[in-house]
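The values are calculated or read from the model by the stated rules, or taken from the named source; none is laboratory data. Just so we're clear, the structure is a prediction, and the values are computed from it rather than from any experiment. Neighbour counts are summed over all protein chains in view; Cβ atoms, including those assigned to glycine, are modelled from backbone coordinates with ideal geometry.
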Amino acid sequence: MKASKIAYKPVGLALGAVSGMLAGAAFKQTWKMLGHDKDAPDATDEERDWREVLTAATLQGAIFAGVKAAVDRAGATATRRLTGAWPG
């Protein structure tokens, strides 16, 4: 295994945690902006209908994937600038 890959592992883990927090905050704000005053429903929330549960899950998944990709890409780009090697 390349040294750059090994060195990037802790950075990647930290970026994963950061991206999860950012995505969670972004999703909460987006859910509120869409006019929902309650927290997003869980899949087993008996009081919410299918449409609301699936909409929330789809939106949350899209936001998490987008934020994770952006944070991972920014981390890899920064690593290349600092080390001259892509951490792939």
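What about residue 33, is it over 30 Å from residue 88 (Cβ atoms), aliphatic (A, V, I, L, M) and out of contact with any helix residue (DSSP H, G or I) (no Cβ under 6 Å at 6 or more places or on another chain)? If you could, list the steps in order and put the result at the bottom.
Values: over 30 Å from residue 88 (Cβ atoms): yes; aliphatic (A, V, I, L, M): yes; out of contact with any helix residue (DSSP H, G or I) (no Cβ under 6 Å at 6 or more places or on another chain): yes.
In short, yes.
Hey, can you tell me all the residues within segment 40-53 that are assigned to a helix (DSSP H, G or I), surrounded by 13 or more Cβ atoms within 10 Å (Cβ to Cβ) and either among the charged types (D, E, K, R) or within 18 Å of the chain's Cα centre (by Cα) (or both)? Give the steps one after another, and end with the answer.
The first filter runs over segment 40-53 and keeps only residues assigned to a helix (DSSP H, G or I), leaving 50-53.
If we keep only those that are surrounded by 13 or more Cβ atoms within 10 Å (Cβ to Cβ) as well, we get 52-53.
Within segment 40-53, just 52 meets the criteria.
Of the conditions (1) at pLDDT 90 or above; (2) on the phi > 0 side of the Ramachandran plot, residue 55 satisfies every one except a single condition; which number is it?
Among (1) at pLDDT 90 or above; (2) on the phi > 0 side of the Ramachandran plot, the lone unmet condition for residue 55 is (2).
Please find, among 51, 73, the residue that is of a type outside the set (Asp, Glu) and more than 30 Å from residue 7 (Cα to Cα).
Details: 73 fails: more than 30 Å from residue 7 (Cα to Cα).
So the residue among 51, 73 that is of a type outside the set (Asp, Glu) and more than 30 Å from residue 7 (Cα to Cα) is 51.
Report every pair of residues separated by at least 6 positions or lying on different chains whose Cβ atoms are under 9 Å apart, first residue within segment 55-74 and small (Gly, Ala, Ser), second surrounded by 13 or more Cβ atoms within 10 Å (Cβ to Cβ) and not in a helix (DSSP H, G or I).
Pairs that qualify, where the first residue is small (Gly, Ala, Ser) and the partner is surrounded by 13 or more Cβ atoms within 10 Å (Cβ to Cβ) and not in a helix (DSSP H, G or I), are 56/36; 56/40; 56/41; 56/48; 57/40; 57/41.
Looking at segment 54-69, which of the residues that are aliphatic (A, V, I, L, M) and either in a loop (DSSP other than H, G, I, E, B) or in contact with a Leu (Cβ under 9 Å, 6 or more places away or on another chain) (or both) is surrounded by the most Cβ atoms within 10 Å (Cβ to Cβ)?
Step one: list which residues in segment 54-69 are aliphatic (A, V, I, L, M), which gives 54, 56-57, 59, 62-63, 65, 67, 69.
From what's left, either in a loop (DSSP other than H, G, I, E, B) or in contact with a Leu (Cβ under 9 Å, 6 or more places away or on another chain) (or both): 59, 67.
Values: 59: 15, 67: 20.
My answer is 67.
Does residue 14 qualify as being assigned to a loop (DSSP other than H, G, I, E, B) and of a type outside the set (D, E, K, R)? I'd like the intermediate steps shown before the answer.
Working: assigned to a loop (DSSP other than H, G, I, E, B): no; of a type outside the set (D, E, K, R): yes.
So residue 14 fails the test.
Just to be sure, is residue 74 assigned to a helix (DSSP H, G or I), loosely packed, with under 14 Cβ neighbours inside 10 Å and not β-branched (Val, Ile, Thr)?
Values: assigned to a helix (DSSP H, G or I): yes; loosely packed, with under 14 Cβ neighbours inside 10 Å: yes; not β-branched (Val, Ile, Thr): yes.
Yes: the conditions hold for residue 74.
Could you list, in sequence order, the residues of segment 22-39 that are of a type outside the set (D, E, K, R) and either surrounded by 12 or more Cβ atoms within 10 Å (Cβ to Cβ) or in contact (Cβ under 8 Å) with a residue 40 or more places away in the chain (or both)? Outline the logic, then answer.
Of segment 22-39, the ones of a type outside the set (D, E, K, R) are 22-27, 29-31, 33-36.
Of everything in segment 22-39, those that are of a type outside the set (D, E, K, R) and either surrounded by 12 or more Cβ atoms within 10 Å (Cβ to Cβ) or in contact (Cβ under 8 Å) with a residue 40 or more places away in the chain (or both) turn out to be 22, 23, 24, 25, 26, 27, 30, 31, 36.
Can you tell me how many residues in segment 77-88 are touching a residue at least 60 places away in the same chain (Cβ under 8 Å) and surrounded by 13 or more Cβ atoms within 10 Å (Cβ to Cβ)?
4
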